[in-house]
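Take a look at the structure set out below.
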Amino acid sequence: MHQHNVEHLSFQVEHRDPQTQARAGRILTAHSEIETPVFMPVGTQGTVKALTQEMLEQLDARIILGNTYHLFLRPGMAAILALGGLHKFNTWQRSILTDSGGYQVFSLSDIRKIKEEGVEFRSHLDGSKQFLSPEVSMRMQHALGADIVMCFDECTPFPATRAQAKESLELTTRWARRSRMEFDRLKNTEHSTGQAMSLFGIVQGSVFQDLRRQSLAELVEMGFEGYAIGGLSVGEEKSLMYEVTEFIAPQMPADKPRYLMASARRRI
């Protein structure tokens with residue numbers, strides 16, 4: 001599978017089911033063509049556990065996920081930059097999506113502190129004090145050279161009151177704006193990797209439909225290359241996850257990819 005000369009990903013809907021509104025389409029990145037819907041194998045520390053890259057290619061995986069939080073801690077931004085990015089680090093020549101680190105920060109609730117500037121946390125490896133923010137997350141993902149970069153967000157816990165969910169999504173909106181600004185700045189600096197990268201916004205709002213609608217509207221106003229549904233599979237009943245997805249997915253931009261984020265399922 002050869003590399004494609006594209007400035008950013010392109011997405012084309014090829015079929016839409018009139019009853020369910022389910023879509024079949026194609027995403028084209030600089031590294032692969034991805035038929036959607038697609039299940040995305042999770043390569044937390046740069047590689048999918050128990051599978052070689054050759055096995056993934058035999059399975060015709062077109063995209064894998066890398067975890068910014070874990071790669072941030074080990075081997076670190078400097079090491080991956082020196083090696084030429086994540087594609088060279090793990091010898092994976094197809095597409096890579098990197099998460100922002102927001103979910104891992106959410107899961108470290110006993111060793112982290114969320115502030116407007118970002119998140120202070122203790123490394124689960126050695127207890128050292130660390131800091132992640134929209135700007136740091138964008139710089140790290142830029143160093144990784146991912147095809148698809150995720151905004152730094154706060155993953156709203158479940159259960160949450162409406163007031164808590166609203167406060168959380170509004171922080172996510174402010175962080176999304178900072179992510180967009182830093183992502184665009186990095187693309188136009190002398191330190192740019194020159195690789196085609198695209199930024200996805202993450203819709204929060206817990207199980208409250210009006211908050212989901214508010215979050216989506218604020219993100220669409222900023223403009224992203226794709227949109228994700230976050231804050232699901234965090235303890236709620238599956239029926240609630242389906243209900244939220246069924247409500248918000250049809251309202252997402254029809255000409256952009258949609259990404260269902262969850263701890264156990266990664267689908268675009």
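Quick look at the numbers
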read-out: Segments 130-138, 223-231 sorted - mean Cβ within 10 Å per residue, highest first; value: 223-231, 130-138
read-out: Sum of side-chain charges, residue 100 neighbourhood, beta-carbon under 12 Å (Lys, Arg +1; Asp, Glu -1); value: -3
read-out: Close Lys-Lys pairs in the chain, where close means Cα under 23 Å and separation is 8 or more or interchain; value: 8
read-out: Average accessible area per residue (Å²) across the chain - probe 1.4 Å, nucleic acids and ligands excluded; value: 47 Å²
read-out: Antiparallel %, DSSP beta bridges [both residues in the chain], to 5; value: 50 percent
read-out: Cα lying deepest toward the dipole's positive end in the chain, options 173, 105, 220, charges on Cβ; value: 105
read-out: Shape call, region 16-120: gyration tensor on alpha carbons, a/c limit 1.5; value: oblate
read-out: For residue 122, net neighbour charge (Lys/Arg +1, Asp/Glu -1) across residues whose Cβ lies under 11 Å away; value: 0
read-out: DSSP bridge orientation in region 42-161 - percent antiparallel, rounded to nearest 5; value: 45 percent
read-out: Unit charges on C-beta of K, R, D, E only; dipole of the chain, Debye; value: 320 debye
read-out: Whole-Å distance, taken between Cα centres, linking region 15-37 and region 112-183; value: 28 Å
read-out: The chain - percent of accessible surface contributed by carbon and sulfur, probe 1.4 Å; value: 51 percent
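The values are calculated or read from the model by the stated rules, or taken from the named source; none is laboratory data. Every value quoted in this text rests on a predicted model; they were computed, and no experiment measured them. Methodologically, a virtual Cβ is constructed for each residue, glycine included, from the backbone with ideal geometry; neighbour enumeration extends over all protein chains shown. The protein model used for the area step is the full one, side chains on, heavy atoms only, and it has no ligands, DNA or RNA in it. Shrake-Rupley method; radii C 1.70, N 1.55, O 1.52, S 1.80 Å.
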